[in-house]
Every structure is written in C-alpha cells, then in structure tokens.
Amino acid sequence: MTKKHEGGAGGATRAIEVLSAAGIPFEVHEYEHSPNARAFGEETVEKLGVDPASTFKTLMVRTNEDEYVFGIIPVLAHLSMKLIAKAAGAKSARMADPRTAERRTGYVVGGISPLGQTTPHRLFIDESCLDSETIIVSGGRRGLSVGLSPLDFLEVSGAGLARLTALE
C-alpha cells in the first residue's frame, strides 16, 4: 500500500514525524513483513515491486576513531569499508554490532531509518541516489518505507554524498 503525504501522519514513526515537520512531500510504502525474512532490503524490493537501485538500506559502522556513522546504499550493493571510512575522515571502519545500532538509533534492525534516530549520527549516502527521481528508505519499522526525492532527503537528513560502494 502506498500513500502520498504532504505533512501530518497519524500514528507516525519518528522518521515520518521528521519528514512531516520539515514539510517535505513523501510517500509511505507499507507491506506485511515476514518474520522469517533476514534480507530486509530485498524483502522491501520484492514486496513493494520497486527498483532495487533506488531502494536504500541503512548500515551502521564504527570507525577506528570510535565514531558510529551510517552508510546508506542501494539494497543489493555492498558497503565498502574503505570508502565509508574515507567519507568519515577515518583510517578504517567495520560493521557495528546490530544491538549497538538498535540501542543508538531507537529502531530495530530491518527498520533502522536514517531519519529520527534517538542519537544523532553522521550519515553518508551513496552518490548513486542522484540517479533516481525518488529514493526509498526505511520509515522506522519493518514493513514501512518512505519515498522522497534524493535532494529532499539530503536536505532533511544532512547526509553527506559520497561513493560508498565498490569492489574491495
């Protein structure tokens, strides 16, 4: 199910509240999440029938500086630790523990949105987002995504634009 929003969403997640408060137009995409699913981004693409190149997953990494940052990349791509470290101005990075990501964001894995996190983190989105008129990111829970223009996403999130995917 897809709904267009120009603001105000009842029973909204923090991510949707952020978009509504900013007055940014967005679409809500909902589907019934399968409790057996482990590839959450792939489930989103399959159940919504959307383009995987414009559907983004949110991954937390820990840099060698002990900073937690997020790489936001297309769901079928792999995050380059070298490139996310470079974007964050660090020497290296590694994936963060999923429990740490949940604790620091206030969201559960598979529903971690780059928007409305309980603890603010620096965000970096793959430059390929500019190839799409609309991108889809997590709306703050499993089975809930939001679609918006990449330029609006950059504005509301404060994310840095960087190349984040490459063969390692």
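The values are calculated or read from the model by the stated rules, or taken from the named source; none is laboratory data. Nothing here was measured: the structure is a model prediction, and the numbers come from that model. Neighbour counts run over all protein chains shown; Cβ positions are idealised from the backbone, glycine included. The accessibility values were calculated without ligands, DNA or RNA, using every heavy atom of the protein model including side chains. Shrake-Rupley method; radii C 1.70, N 1.55, O 1.52, S 1.80 Å.
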field: Given (1) surrounded by 14 or more Cβ atoms within 10 Å (Cβ to Cβ); (2) within 17 Å of Ser138 (Cβ to Cβ); (3) touching a residue at least 60 places away in the same chain (Cβ under 8 Å), number of the condition Gly41 does not satisfy
entry: (3)
- request: For the range 78-87, state whether one or more residues are over 16 Å from the mean Cα position of the chain (by Cα), exposed (fewer than 14 other Cβ atoms within 10 Å of the Cβ), over 20 Å from Phe26 (Cβ atoms) and small (Gly, Ala, Ser).
  value: no
- prompt: Can you tell which of Ile84, Ile125, Ile72, Ile112 is under 23 Å from Ala21 (Cβ atoms), in contact (Cβ under 8 Å) with a residue 24 or more places away in the chain, of a type in the set (A, V, I, L, M) and out of contact with any Lys or Arg (no Cβ under 9 Å at 6 or more places or on another chain)?
  reply: Ile125
- prompt: Only one of these conditions is not met by Leu59: (1) in contact (Cβ under 8 Å) with a residue 12 or more places away in the chain; (2) of a type outside the set (Val, Ile, Thr); (3) outside any strand (DSSP E or B). Which number is it?
  reply: (3)
task: Show the residue pairs that are 6+ apart or on different chains and have beta-carbon atoms under 6 Å apart, the first residue being within the range 10-30 and farther than 12 Å from Leu144 by Cβ, the second being among the charged types (D, E, K, R) and open to solvent by 20 Å² or more (accessible area, probe 1.4 Å).
output: Ile24/Asp152; Pro25/Glu6
- request: Could you look through the range 101-111, keep only residues that are open to solvent by 20 Å² or more (accessible area, probe 1.4 Å) and of a type outside the set (Gly, Ala, Ser), and pick out the one that is farthest from the chain's Cα centre (by Cα)?
  value: Arg103
task: Just give me the residues in the range 49-64 being over 18 Å from Tyr107 (Cβ atoms) and either touching a helix residue (DSSP H, G or I) at 6+ places or on another chain (Cβ under 8 Å) or buried (at least 18 other Cβ atoms within 10 Å of the Cβ) (or both), in sequence order.
output: Val50, Asp51, Pro52, Ala53, Ser54, Thr63, Asn64
Any hit, the range 132-146, residues being of a type in the set (A, V, I, L, M) and part of a loop (DSSP other than H, G, I, E, B): no
- request: Take the range 148-168 and flag every residue that is open to solvent by less than 60 Å² (accessible area, probe 1.4 Å) and part of a helix (DSSP H, G or I).
  value: Pro150, Asp152, Phe153, Leu154, Val156, Ser157
